[in-house]
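**Student:** Got a structure for you, questions after.
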Amino acid sequence: MVRLENFENLERRINKLVRQFSQLKKERDGISDVLKKGNRESLEAKGRLENLYKERHQMRSKLDALIEKLENLEHMDKN
């Protein structure tokens, strides 16, 4: 009888471990999904930021060109 009780006790422990393992696996998969989503969002944000820097550089170049034209007009006016 003692052996059967030991076996049943072992069976309960194993079943508990299997349930815990399954739960931990689900949690790990959920965390992995969140991490993947965060990485995607990070890459998208990086792309948007790079585009903004490019636009800023283009706008700066255009402004510099306009300022130069205005300065040239000013110099022409003095002559």
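Readers should treat all values here as calculations from the given coordinates under stated rules, not as data from a laboratory. In this text, all values refer to a predicted model and were calculated from it rather than measured experimentally. Neighbour counts are summed over all protein chains in view; Cβ atoms, including those assigned to glycine, are modelled from backbone coordinates with ideal geometry.
**Student:** What's the local net charge at Leu49, with K and R +1, D and E -1, over the other residues with C-beta under 14 Å away?
**Tutor:** 0
**Student:** Related question: So which GluC sites (Glu not before Pro) in the chain are both in a DSSP loop and have at most 12 other Cβ atoms within 10 Å of their Cβ?
**Tutor:** Taking the chain and a limit of 12 other Cβ atoms within 10 Å, no loop GluC sites (Glu not before Pro) are found.
**Student:** Next up: On a full-extension model of 0.36 nm per residue, what is the gain between Glu71 and Asp33, subtracting their alpha-carbon distance, rounded to one decimal in nm?
**Tutor:** Here the segment from Glu71 to Asp33 would lengthen by 8.0 nm.
**Student:** Run the count for the chain, please: Lys pairs, Cα-Cα under 20 angstrom, 8 or more apart or on different chains.
**Tutor:** 11
**Student:** Given Cβ point charges of +1 (Lys, Arg) and -1 (Asp, Glu) and nothing else, what value in debye, to the nearest 20, does the dipole of the chain about its Cα centre take?
**Tutor:** 640 debye
**Student:** How much FRET efficiency would the formula 1/(1 + (r/R0)^6) give for Glu41 and Leu63, where r is the Cβ-Cβ distance and R0 is 22 Å, rounded to 0.05?
**Tutor:** Once the sixth-power term is evaluated, E becomes 0.10.
**Student:** Tell me the angle of helix 2-78 to the major Cα principal axis of the chain, expressed in degrees between 0 and 90 and rounded to the nearest ten.
**Tutor:** Compared with the principal axis, the helix lies near 0 degrees.
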